[in-house]
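Participant: The structure is given below, and queries will be raised subsequently.
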Amino acid sequence: MKLLVTGGAGFVGAALVKLLQGRGHTVTAFDNLSSGSRIALESDHLVVGDLRDREAITAVLRDRKIDAVMHLAAPPGGMRTLDASSCYANSVLATHTLLDAMVEQRVRSLVFASSAQVYGMPVRVPIDEEHPKAATDLNGTTKWMCEQMLEHWRVAYGLQSVALRWYGTAGADLQSQVGPSRTHDGELIPRVMRACSGRGDAMPMHGIDHATRDGTCVRDFLHVNDVCEAFVLALDALQANRTRAAYNIGTGRGYSIREVVLATERVTQRQVPVRIAPRRPGDVPVLVTDASAARYELGWKPRMSDIDSIIEHAWHWEERRREHHEFQCAA
């Protein structure tokens, strides 16, 4: 198939491009490089452009005869950006532009990178797909708006789509060619890696009095390879007309911040400097997803998302960044 990956120069996007190419697909990455890197991809597979530019995205869909789209483009700065206007423009407006261009060019299949943040504060754990949607931050709010757009475009225009919801992606690809860049340094595991290597400050624990087993927040982390595999399987199911509107992907087993720190110390044999910090507004104590639907209906299974494997690959990537003075081929 001829596939388009929006956000294809980012961490997950670049890893997905490489996986899809390895499976025999012809892949084009579309990215404005606000947080991704062109060096992560071969130049003839990357189109630099803004997803809000209707003419630019239409040209790519038309000229490259795209069959399906993997939509991973997201606002720079991640879920905690305080720039509401930028977040809505780069998420909701960009998705609106993409969907209209797809309808115009008769591209009928899309896999969307949503987020488990759409659920907000859990009323039950693990969280299944029918859980109420009550996002507590901009990322979750805008992702849920995009999911609703997908349903409306399905009814109105026949555009078929599936959304994948997960919390956090970590690790690096097995060849250490693609990993988190400096734009991810505020996220938990990259921050732990930087603290451990000495490149960053002490790792802040935001709140140690949450209602969890050790007082720190619990999250369901996924290795980037497992996330990419879910996209491939979701596309296969979409092509076979055997998919639902959205799937959770996760391990069903969360790790607390303290457990991530301890795992890092165990894997690296180095001490992680830590400092206690205040809670952050909107922090959800436990975010662990029930991914049984993806397992049974897509045949997806996390194979590399045990915490030691995630930390091992994240540490290899961190060492590479340190040795090359934060080289620029990070995605």
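Participant: For the stretch 77-137, what class follows from the C-alpha gyration tensor (a ≥ b ≥ c being the square roots of its eigenvalues): rounded when a/c is under 1.5, otherwise prolate if a/b is larger than b/c, else oblate?
Facilitator: oblate
Participant: What value in Å³ per residue do you get for the convex hull of the alpha-carbon atoms in the stretch 125-180?
Facilitator: 146
Participant: Taking the solvent-accessible surface of protein heavy atoms with a 1.4 Å probe, what is the per residue accessible area of the stretch 76-235 in Å²?
Facilitator: Value for the stretch 76-235: 37 Å² per residue.
Participant: Further question: Mind ordering 312-323, 205-216, 278-289 by average Cβ neighbours within 10 Å, highest first?
Facilitator: 312-323, 278-289, 205-216
Participant: Also, quick follow-up: Please compute the Cα-Cα pair-distance distribution of the chain with 10 Å bins starting at 0, giving whole percents from short to long.
Facilitator: 6, 27, 37, 23, 7, 0
Participant: Sticking with this structure for a sec: If N is the number of residues in the stretch 262-310, what value comes out of its Cα radius of gyration divided by 2.2 N^0.38 Å?
Facilitator: That works out to 1.68 for the stretch 262-310.
Participant: Okay, next question. Measure nothing but the geometry: give the 0 to 90° angle between the long axis through the Cα atoms of 54-63 and the longest principal axis through the Cα atoms of the chain, rounded to 10°.
Facilitator: That helix lies at roughly 70 degrees to the long axis.
Participant: Pull up all non-local amide H partners of ALA277: gap of 5 or more, or a different chain, and H-to-H distance under 5 Å with H placed in the peptide plane.
Facilitator: MET205, HIS206, GLY207
Participant: Next question, about the same structure. Using only the Cα atoms of the stretch 1-99, what do you get for the radius of gyration and for Dmax, in Å?
Facilitator: 12.8, 40
Participant: Of all the C-alpha pairs in the stretch 223-316, what % are more than 18 Å from each other?
Facilitator: I get 57 percent for the Cα pairs in the stretch 223-316 exceeding 18 Å.
Participant: At 1.4 Å probe size, with no ligands or nucleic acids counted, give the accessible surface of SER85 in Å², nearest ten.
Facilitator: About 90 Å², rounded to the nearest 10.
Participant: Rounded to whole Å and ordered largest first, report the semi-axes of the equivalent ellipsoid of the stretch 12-68 derived from its Cα gyration tensor (root of 5λ).
Facilitator: For the stretch 12-68, the semi-axes come out at 18, 15, 8 Å.
Participant: Same structure, new question: Between helix 138-157 and the chain, what is the angle of the helix's C-alpha long axis to the longest principal axis, kept within 0 to 90° and rounded to the nearest 10?
Facilitator: 20
Participant: Let me ask something additional. Binning at 5 Å from 0, report for the stretch 1-42 what percent of all alpha-carbon pair distances ends up in each bin.
Facilitator: Reading upward from the zero bin: 6, 29, 38, 18, 7, 1.
Participant: Taking the C-alpha atoms of the stretch 191-230, how large are the radius of gyration and the largest Cα-Cα span, Dmax, in Å?
Facilitator: When restricted to the Cα atoms of the stretch 191-230, Rg and Dmax are 13.8, 36 Å.
Participant: Here's another thing I want to ask about it. For the stretch 213-331, what is the charge dipole size about the Cα centre, in debye to the nearest 20, if Lys and Arg each add +1 at the Cβ and Asp and Glu each add -1 at the Cβ?
Facilitator: It comes to approximately 300 debye.
Participant: One quarter of the convex hull surface, Cα atoms only: what value does that give for the stretch 112-234 in nm²?
Facilitator: The Cα convex hull of the stretch 112-234, projected and averaged over all directions, gives 9.7 nm².
Participant: In degrees between 0 and 90, to the nearest 10, how far off the longest principal axis of the chain does helix 188-197 point, with axes built from Cα atoms?
Facilitator: Orientation of helix 188-197: about 50 degrees from the principal axis.
Participant: Okay, moving on. Give the peptides 63-71, 227-235, 261-269 in descending order of average Cβ contacts within 10 Å, highest first. Provide the component values of the computation, followed by the final result.
Facilitator: Details: 63-71: 20.0, 227-235: 23.6, 261-269: 17.2.
Taking the mean over residues of other Cβ atoms within 10 Å, the ranking is 227-235, 63-71, 261-269.
Participant: Considering only C-alpha atoms, what is the centroid distance from the stretch 27-48 to the stretch 96-135, in Å?
Facilitator: The stretch 27-48 and the stretch 96-135 have Cα centres spaced 24 Å from each other.
Participant: Quick one: in the stretch 145-300, what % of C-alpha pairs are over 19 Å apart?
Facilitator: Tail fraction, whole percent: 62.
The values are calculated or read from the model by the stated rules, or taken from the named source; none is laboratory data. Just so it is clear, the model here is predicted, and its values are computed rather than measured. We place every Cβ from the backbone using ideal geometry, glycine too, and count neighbours over all the protein chains shown. Heads up: the accessible areas ignore ligands, DNA and RNA and are worked out on the full protein's heavy atoms, side chains in. Shrake-Rupley method; radii C 1.70, N 1.55, O 1.52, S 1.80 Å.
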